[in-house]
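In what follows, a single structure is set out as structure tokens and then discussed.
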Amino acid sequence: MARSRIAVVAFGGNALIRKGQEGTQWEQLENARETAHALLPVLKDGYELVLVHGNGPQVGNILIQVEEAVNKVPPLSLDVCVAASQGSIGYMLETALLNELRRQRLRGRRVVTILTGVVVDQDDPGFRRPTKPIGPFYTRFRAEDLMHKQGWNMVEDSGRGWRKVVPSPRPLEVLQIEAIREAVEGGRIVIAGGGGGIPVYRAAQGELRGVEAVIDKDYTAGLIASELRADLFVILTGVDQVSLNYGRPDQKRLRRIDVTEAAAHQAGGQFPEGSMGPKVRAAIEFVRTAGKEVLITSAARFAEAVRGRAGTRIVASRVLARGAAPRRRA
């Protein structure tokens with residue numbers, strides 16, 4: 001029996017809480033419905049589907065709730081908040097996908113959310129210099145109190161107040177990868193690695209312990225794609241294509257680029273860390289590891305991009321960057 005093709009698709013938590021919205025659950029459910037509608041056509045192209053979502057707005061809201069209730073209920077650590085967001089976002093996406101499967105008469109398909117822990121290294125450089133701001137803004141007095149009593153790292157954020165900063169280490173191991181693999185092989189649409197995964201580390205005796213950190217979901221999605229030997233890794237973002245000189249008069253959209261060129265542009269500062277940088281870096285790592293293509297595009301152009309009519313493809317260096325198909329070896 002031929003192996004099914006696998007597509008791993010990563011998208012941000014802002015796919016469910018969009019700019020200008022309050023972030024109510026009703027808004028998120030409607031946005032999940034639109035996301036499901038955009039993603040499911042890939043099934044008709046013969047792919048099994050693994051979804052890796054972000055959780056920035058959602059986990060930020062959970063942390064605000066924790067702070068507001070700190071005098072009434074015990075607070076939660078960041079790893080537990082990430083787990084909570086995996087459950088709530090997974091529920092909304094599952095519901096939307098099941099409803100859309102029914103509408104499109106794709107019967108027999110099942111959807112599963114897998115709570116996903118991701119192992120990081122305590123010696124990762126990110127732990128020596130935490131830089132990822134999370135949660136609510138605090139007054140200077142409250143921030144100094146938290147730094148003294150809780151040992152938090154905090155920084156002043158653009159005149160808006162003080163925020164907690166945590167490390168952003170690289171993912172090393174997806175704990176539930178075999179469960180993900182089995183679900184995909186069983187024909188399930190899988191939601192996994194939400195928010196980059198629940199951050200854990202291995203202590204001296206090998207036991208797992210949660211840690212306060214934020215893992216980039218694109219890196220985790222790339223790791224999952226590599227472990228599954230995915231045929232296509234898709235990173236959804238707010239623009240239809242990757243561009244050079246973005247936002248400038250000489251902006252140039254990229255339709256197809258090989259990994260060597262992508263790395264050179266990355267090193268030259270073309271892709272800022274706060275936007276396209278991590279996406280392109282995750283793409284480069286996947287292409288170099290797996291030798292397969294990465295597609296970067298928007299959700300609105302997803303179906304067209306999978307069929308080669310939109311988006312930016314980052315391909316192995318042996319593939320011609322002018323859009324020609326790779327030559328078969330004799």
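Scan the range 258-272 residue by residue and report those that are in a loop (DSSP other than H, G, I, E, B) and in contact with a helix residue (DSSP H, G or I) (Cβ under 7 Å, 6 or more places away or on another chain).
Taking the range 258-272 first, the residues in a loop (DSSP other than H, G, I, E, B) are 268-272.
Of everything in the range 258-272, just one residue is in a loop (DSSP other than H, G, I, E, B) and in contact with a helix residue (DSSP H, G or I) (Cβ under 7 Å, 6 or more places away or on another chain), namely Phe271.
Are there any pairs with C-beta distances below 6 angstrom linking a residue in the range 241-255 that is free of Cβ contacts under 8 Å to residues at least 24 places away in the same chain to a residue that is of a type in the set (A, V, I, L, M), with the two at least 6 apart or on different chains, and if so which?
Going by the 6 Å Cβ cut-off, the qualifying pairs are Lys252/Leu244.
For the range 42-52, indicate whether the set of residues that are of a type in the set (Asp, Glu), farther than 22 Å from Arg188 by Cα, modelled with pLDDT under 95 and over 15 Å from the mean Cα position of the chain (by Cα) is non-empty.
Of the range 42-52, the ones of a type in the set (Asp, Glu) are 45, 48.
Remaining after also requiring farther than 22 Å from Arg188 by Cα: none.
Within the range 42-52, not a single residue is of a type in the set (Asp, Glu), farther than 22 Å from Arg188 by Cα, modelled with pLDDT under 95 and over 15 Å from the mean Cα position of the chain (by Cα).
Anything in the range 77-92 that is among the hydroxyl-bearing types (Ser, Thr, Tyr) and either buried (at least 24 other Cβ atoms within 10 Å of the Cβ) or part of a helix (DSSP H, G or I) (or both)? List them, or say none.
Restricting attention to the range 77-92, the residues satisfying the condition of being among the hydroxyl-bearing types (Ser, Thr, Tyr) are 77, 85, 88, 91.
Answer for the range 77-92, where residues must be among the hydroxyl-bearing types (Ser, Thr, Tyr) and either buried (at least 24 other Cβ atoms within 10 Å of the Cβ) or part of a helix (DSSP H, G or I) (or both): Ser85, Ser88, Tyr91.
Looking at (1) more than 20 Å from Tyr219 (Cβ to Cβ); (2) open to solvent by less than 40 Å² (accessible area, probe 1.4 Å), which one does Tyr246 not meet, given that it meets all the others?
Among (1) more than 20 Å from Tyr219 (Cβ to Cβ); (2) open to solvent by less than 40 Å² (accessible area, probe 1.4 Å), Tyr246 violates only (2).
Do you know which residues across the range 24-39 are farther than 12 Å from Ala299 by Cβ and under 18 Å from the mean Cα position of the chain (by Cα)?
Passing the criteria: only Gln28.
Checking Gly135 against (1) modelled with pLDDT under 95; (2) in a strand (DSSP E or B); (3) open to solvent by 30 Å² or more (accessible area, probe 1.4 Å): exactly one of these is not met. Which one?
(3)
Can you tell me which residues in the range 187-225 are part of a loop (DSSP other than H, G, I, E, B), open to solvent by less than 30 Å² (accessible area, probe 1.4 Å) and in contact (Cβ under 8 Å) with a residue 60 or more places away in the chain? Before you say what the answer is, go through the steps one by one.
Initial filter on the range 187-225 (part of a loop (DSSP other than H, G, I, E, B)): 187, 193, 197, 203-207, 211-216.
Pick out the ones that are also open to solvent by less than 30 Å² (accessible area, probe 1.4 Å) and you get 187, 193, 197, 203, 211, 213, 215.
Selection gives Gly187, Gly193, Gly197, Val211, Ala213, Ile215.
Of the residues in the range 1-28, how many are closer than 27 Å to Leu232 by Cα, open to solvent by 50 Å² or more (accessible area, probe 1.4 Å) and in a helix (DSSP H, G or I)?
Result for the range 1-28: 1.
From the list Arg142, Arg163, Arg181, Arg170, which one is open to solvent by 20 Å² or more (accessible area, probe 1.4 Å), among the charged types (D, E, K, R) and assigned to a loop (DSSP other than H, G, I, E, B)?
Details: Arg142 fails: assigned to a loop (DSSP other than H, G, I, E, B); Arg163 fails: assigned to a loop (DSSP other than H, G, I, E, B); Arg181 fails: assigned to a loop (DSSP other than H, G, I, E, B).
Of the residues listed, the single one that is open to solvent by 20 Å² or more (accessible area, probe 1.4 Å), among the charged types (D, E, K, R) and assigned to a loop (DSSP other than H, G, I, E, B) is Arg170.
Counting only residues that are part of a loop (DSSP other than H, G, I, E, B) and over 28 Å from Cys81 (Cβ atoms), which one in the range 35-63 is least open to solvent (accessible area, probe 1.4 Å)? Can you show your working first?
We begin by selecting, within the range 35-63, every residue part of a loop (DSSP other than H, G, I, E, B); these are 40, 45-46, 54-55.
Still in the running and over 28 Å from Cys81 (Cβ atoms): 40, 45-46.
Values: Leu40: 0, Asp45: 43, Gly46: 43 Å².
It comes out as Leu40.
Restricting attention to the range 145-160, which residues are within 27 Å of Leu208 (Cα to Cα) and either touching a helix residue (DSSP H, G or I) at 6+ places or on another chain (Cβ under 9 Å) or in a helix (DSSP H, G or I) (or both)? Before the answer, list the steps.
Taking the range 145-160 and keeping what is within 27 Å of Leu208 (Cα to Cα), we get 146-147, 149-154.
Of everything in the range 145-160, those that are within 27 Å of Leu208 (Cα to Cα) and either touching a helix residue (DSSP H, G or I) at 6+ places or on another chain (Cβ under 9 Å) or in a helix (DSSP H, G or I) (or both) turn out to be Leu146, Met147, Lys149, Gln150, Trp152, Asn153, Met154.
Please determine whether any residue of the range 100-112 is among the acidic types (Asp, Glu) and open to solvent by 40 Å² or more (accessible area, probe 1.4 Å).
Initially, the range 100-112 is screened for residues among the acidic types (Asp, Glu), giving 100.
Checking the rest, the ones that are also open to solvent by 40 Å² or more (accessible area, probe 1.4 Å) come to none.
No, that holds for no residue.
Quick one: in the range 1-37, which of the residues that are touching a Lys or Arg at 6+ places or on another chain (Cβ under 9 Å) and of a type in the set (A, V, I, L, M) is farthest from Ala96 (Cα to Cα)?
Ile6
Sort out which residues of the range 227-273 are of a type in the set (Ser, Thr, Tyr) and either under 22 Å from Arg309 (Cβ atoms) or in contact with an Asp or Glu (Cβ under 8 Å, 6 or more places away or on another chain) (or both), and write them in order of number.
Of the range 227-273, the ones of a type in the set (Ser, Thr, Tyr) are 237, 243, 246, 260.
Hits for the range 227-273 are Thr237, Ser243, Tyr246.
Of the residues in the range 60-85, how many are within 17 Å of the chain's Cα centre (by Cα) and under 14 Å from Gln28 (Cβ atoms)?
Number satisfying all stated conditions: 2.
The values are calculated or read from the model by the stated rules, or taken from the named source; none is laboratory data. Note that the structure is predicted; figures quoted are calculated from it, not measured. Here Cβ is always computed from backbone atoms with ideal geometry, including for glycine, and neighbour counts include all displayed protein chains. Each accessible area value is taken on the protein alone, full model and side chains, heavy atoms only, with ligands, DNA and RNA left out. Shrake-Rupley method; radii C 1.70, N 1.55, O 1.52, S 1.80 Å.
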